[in-house]
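**Q** Below you'll find the structure I mean.
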Amino acid sequence: MTVRELAEDILKSHRHLIERLAAVPPNTVGATLEADEGDLTLRAETLRCQLLAMQQYVVAYMRDTASFSHAMHLDRKWLDGLFRDIIGDLCGTIENAAETVRDERAYAEG
C-alpha cells in the first residue's frame, strides 16, 4: 500500500467507528429513574455493539501504527482477547443485574 492509501485506511476506519457509535445511542432510563430488566438488557446490548465497534477501530489503529514502525509487533490474538474480556466483564455485569431484577420481580409477584 502507498502512504496515501495507508492514511486513508485509518481515516475510513475512524469514520466507520463514528458512524457505528452514532447509530446505537445509549437508551435512557424511564421516569421512575430505576432501571428495569429491559433497560438493563438494552444497555448491555448497546455497550456490546459499541465496544465491538471500538475493537475494530483499535485493531485498525494498531495495525496502522505497526505498519509505520519496525519496532512494534502487533499481537492480534492478545488484542482480541483483551476486548473479549472487557466486553464480557462489563456487559456481563449489566446482564447479571438484569437477571437479578427479573428474579426479584418474579419473587415479589410469586
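**Q** Would you point out which residue out of T65, T46 is open to solvent by 50 Å² or more (accessible area, probe 1.4 Å) and either of a type in the set (V, I, T) or touching a Leu at 6+ places or on another chain (Cβ under 9 Å) (or both)? It would help to see each step written out before you state the result.
**A** On the way: T46 fails: open to solvent by 50 Å² or more (accessible area, probe 1.4 Å).
Among T65, T46, only T65 is open to solvent by 50 Å² or more (accessible area, probe 1.4 Å) and either of a type in the set (V, I, T) or touching a Leu at 6+ places or on another chain (Cβ under 9 Å) (or both).
**Q** Please go through the range 25-43 and give me each residue that is open to solvent by less than 40 Å² (accessible area, probe 1.4 Å), within 18 Å of the chain's Cα centre (by Cα) and hydrophobic (A, V, I, L, M, F, W, C), ordered by number.
**A** L40
**Q** With (1) surrounded by fewer than 12 Cβ atoms within 10 Å (Cβ to Cβ); (2) in contact (Cβ under 8 Å) with a residue 12 or more places away in the chain; (3) part of a helix (DSSP H, G or I) as the list, and E5 as the residue in question, which single condition is left unmet?
**A** Going through (1) surrounded by fewer than 12 Cβ atoms within 10 Å (Cβ to Cβ); (2) in contact (Cβ under 8 Å) with a residue 12 or more places away in the chain; (3) part of a helix (DSSP H, G or I) one by one, E5 breaks only (2).
One line per residue, one yes/no per condition, for (1) out of contact with any His (no Cβ under 7 Å at 6 or more places or on another chain); (2) within 25 Å of R84 (Cβ to Cβ); (3) hydroxyl-bearing (S, T, Y); (4) not in a helix (DSSP H, G or I):
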residue	(1), (2), (3), (4)
K12	yes, yes, no, no
R20	yes, yes, no, no
P26	yes, yes, no, yes
T32	yes, no, yes, yes
Q55	yes, yes, no, no
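**Q** To continue, here is another question. Among the numbered criteria (1) more than 24 Å from R4 (Cα to Cα); (2) in contact (Cβ under 8 Å) with a residue 12 or more places away in the chain, which one does Q55 miss?
**A** All conditions are met except number (1).
**Q** Another question, then. Suppose we filter A71, A53, A106 for residues that are modelled with pLDDT of 90 or more and crowded, with 16+ Cβ neighbours inside 10 Å; which single one remains? Steps first, answer last, please.
**A** On the way: A71 fails: crowded, with 16+ Cβ neighbours inside 10 Å; A106 fails: crowded, with 16+ Cβ neighbours inside 10 Å.
Exactly one of A71, A53, A106 is modelled with pLDDT of 90 or more and crowded, with 16+ Cβ neighbours inside 10 Å, namely A53.
**Q** Kindly indicate whether any position in the range 10-21 is at pLDDT 90 or above and under 30 Å from R102 (Cβ atoms).
**A** Within the range 10-21, one or more residues are at pLDDT 90 or above and under 30 Å from R102 (Cβ atoms).
**Q** Which one is farthest from P25 (Cα to Cα) among residues in the range 74-87 that are open to solvent by 70 Å² or more (accessible area, probe 1.4 Å) and acidic (D, E)? Let's see the steps before the verdict.
**A** Step one: list which residues in the range 74-87 are open to solvent by 70 Å² or more (accessible area, probe 1.4 Å), which gives 75-78, 84-85.
Then drop every residue that is not acidic (D, E), which leaves 75, 85.
On the way: D75: 31, D85: 23 Å.
Ranking the candidates gives D75 first.
The values are calculated or read from the model by the stated rules, or taken from the named source; none is laboratory data. No experiment lies behind these values; they were computed from the predicted model shown. Note: ideal-geometry Cβ built from the backbone for every residue, glycine included; neighbour counts use all protein chains shown. Note: accessible area is taken over every heavy atom of the protein model, side chains too, but ligands, DNA and RNA are not part of it. Shrake-Rupley method; radii C 1.70, N 1.55, O 1.52, S 1.80 Å.
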